[in-house]
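Report on the following structure.
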Amino acid sequence: MAAAAAVAAADTVRLPDPAMVVLVGASGSGKSTWARERFRAAEIVSSDELRGIAGSGPNDLDASDDAFALLEQIVDARLGRRLTTVVDTLGLDPVRRARWLQVARAAGLPAVAVVLATSPVMCKRRNSDRDRPVPAPVLAGQLKRAAQVAAELAGEGWDEVIEVVSAAQPQQPPAAPAAETNRDGFEIILQISRFPWGDDPARWLTEIALAADQAGFAGIALMDHLIQIPQVGRAWEPIPEPWVTLGLLAGLDTGLRLGTLVSPITFRPPGITAKAIGTLSALTGGRAFLGIGAGWWEREHQAFGLPFPAPAERLDALAAAIETIRALTAKGTKAFNGKRVTLPETTCYPRGDVEIIVGGGGERRTLRIAAELADGCNVPSDLATVDRKIEVLRRHCAEVGRDPAEVAVTVLDLPVIGSDRDDTWARVEKLRGRTPAATFAARHHAGTVTEHRARYAELAARGVRTVFLSLPDLADADDVSRLAALTQPF
């Protein structure tokens, strides 16, 4: 599959990551410059640089055999760990290309060839400016060979062949895909799951909330657990009671929407949750929402002396809880006789309209409960999962006679976001623990703000209304402020 032979086309192509990328072009075509603008130094395996390690310098041709032996060893090792690997050589040898393609296939990684189709005049000019120019006859042979490569690549089985006409000028980062929207109705809410607040919890929470408001986030959601979960931190790290904490945030001068994601129905009787969310709605002028689910972690229930019924019973309780909360936050005080719940009266003041989001992607029960009773569902953020869950949700909506547009699709996203590729990878290394780096990076969609904006545009194009963004490395308000560009209109 070949991209349009233009710099603009190359700019709009989003390279798969991780992937093997092989650069193809004559000396002076700008391969190394193109690679350095887009990848970390550790991701680029350069035959010239390896000559400088195995020999006296990058131009020591006597060290070529040793340099390429090192190059092949490094390529094999990186691809074997499923790490993005950029091969910076001439790329003109079909035997070497075939081997690299085979290694990428064995590792299960996409293989991309990037052809630097710089004009012969430019290549010769750049070559002449070098301290050690490539001999003119050698460069002429490379240019002749480079002109033949495009046809060869088309038949070699590459996942993508990208042709770059010129790398003379720095190129901008890849733009968001054409499918992006104008972001009407799309929002990003900061979900806080870790609380490294030191000696002043109230100050830390206040600074985080004010930074979120200033950065353009639509709201804050607090994770609701009794013990810090192992996916986030250690059991002895703080995890505050959310409704008390939201009361603090409600007193700040912000326009943030406030709520939980996700409150297990096993923690509190649904009537008490209705009282809490109604109060929060009154304090915020209607900016409250409730993420609610069936609960999943038995340990915290046992530790706090709470029953932990079987999954089917918890799901029944979830549906009944939503029905109860709806009844108690609706107008009036009369008795309520619902499908699952009967109440002698519905006196619950203060009250207000409350958005209810069902957390969990269970396709048989959870999404059906969302389709029947909730204002939205919350599912994981990878595109394949989103596509499947939307399809299931629409099917449930049809079965219960509800317009799918009435049930908002939201996602929980746990991204690693760096200022550039080097910073992104440094964060991956800091956070990954014993998880292989490539696995962790893929699981957390590791990338820059620009790359995450493009990903969120794809989510919005699929109909996702809200991204609940939870930073795995949230430490202080600066970590929130640096994401201001992420919340801007597409």
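The values are calculated or read from the model by the stated rules, or taken from the named source; none is laboratory data. What you see is a predicted model; the values in this text were computed from it and never measured. Here the Cβ positions follow ideal geometry from the backbone for every residue, glycine too, while neighbour counts run over all protein chains shown. The accessibility values were calculated without ligands, DNA or RNA, using every heavy atom of the protein model including side chains. Shrake-Rupley method; radii C 1.70, N 1.55, O 1.52, S 1.80 Å.
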ask   = Where in the stretch 85-101 is the amide nitrogen less than 15 Å from a point lying 7 Å along the Cα-to-Cβ axis of I53?
value = 85-89
note = Distance in Å, no decimals, from the C-alpha centre of the stretch 430-476 to the one of the stretch 268-343 is 30 Å
request  = On a 0 to 90° scale, report how tilted helix 421-431 is relative to the longest principal axis of the chain, with both axes built from alpha carbons and the result rounded to the nearest 10.
outcome  = 50 degrees
query = What value, in deg cm²/dmol to 500, does the helix sum -39500 (n - 2.57) over DSSP H runs of n ≥ 4 give at 222 nm once divided by the residues of the chain?
reply = -13000 deg cm²/dmol
ask   = Which of the pairs K31/K430; K389/K430; K331/K389; K31/K144; K124/K144 have their Cα atoms more than 21 Å apart in this structure?
value = K31/K430; K389/K430; K331/K389
Given charges at beta-carbon only (K, R positive; D, E negative), |dipole| of the stretch 200-334 in Debye = 440 debye
message = Just to confirm the number: angle between the C-alpha axis of helix 94-107 and the first principal axis of the chain, 0 to 90 degrees, nearest 10?
response = 20 degrees
inquiry  = Explain nothing, just the number: relative contact order of the chain, from Cα pairs under 8 Å at least 6 residues apart, as a whole percent.
reply    = 16 percent
Charge sum, other residues only, whose C-beta stays under 15 Å from L474's C-beta, Lys/Arg counted +1 and Asp/Glu -1 = -3
Between the stretch 128-156 and the stretch 183-238, the Cα center-to-center distance that results, in Å = 54 Å
request  = Can you figure out the FRET efficiency of R465 with T347, using R₀ = 25 Å and their beta-carbon distance, to the nearest 0.05?
outcome  = 0.15
inquiry  = Modelling each spin label as a point 7 Å along the Cα-to-Cβ direction, I'd like the A147/A405 distance in nm, to one decimal.
reply    = 5.8 nm
Distance between modelled label sites at A330 and E156, nm, 7 Å Cα→Cβ extension = 6.6 nm
message = Just to check I understand the Karplus step: with θ = phi - 60° and J = 6.51 cos²θ - 1.76 cosθ + 1.60, what whole-Hz values come out for the stretch 236-250, glycine and proline as x?
response = 8, 7, x, 9, x, 5, x, 5, 5, 5, 5, x, 4, 5, 5
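Computed FRET efficiency, Cβ-Cβ of A98 and D199, R0 60 Å: what is it to the nearest 0.05?
For R0 = 60 Å, the calculated efficiency reads 0.45.
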task = Using only Cα atoms, locate the centre of the stretch 354-412 and the centre of the stretch 19-50, then give the distance between them in Å, rounded to an integer.
result = 44 Å
inquiry  = Could you report the chain's accessible area per residue, 1.4 Å probe, as an integer in Å²?
reply    = 45 Å²
note = For the chain, the percent of accessible surface on carbon and sulfur atoms (probe 1.4 angstrom, ligands and nucleic acids excluded) is 54 percent
task = May I ask you to order 414-420, 466-472 by the average number of other C-beta atoms within 10 Å around their residues, highest value first?
result = 466-472, 414-420
request  = Sum up the charges of everything whose Cβ sits under 11 Å from the Cβ of S64, counting Lys and Arg as +1 and Asp and Glu as -1, but leave S64 out.
outcome  = -4
task = Give me the distance in nm between label points sitting 7 Å out from Cα along the Cα-to-Cβ direction at A475 and T439, one decimal.
result = 2.6 nm
message = I'd like the Karplus ³J(HN,Hα) series for the stretch 268-275: coefficients 6.51, -1.76, 1.60, θ = phi - 60°, whole numbers in Hz, and an x wherever there's a Gly or Pro.
response = 9, x, x, x, 5, 5, 4, 5
query = If you line up the long axis of helix 201-215 against the longest principal axis of the chain, both from Cα atoms, how many degrees apart are they, to the nearest 10?
reply = 60 degrees
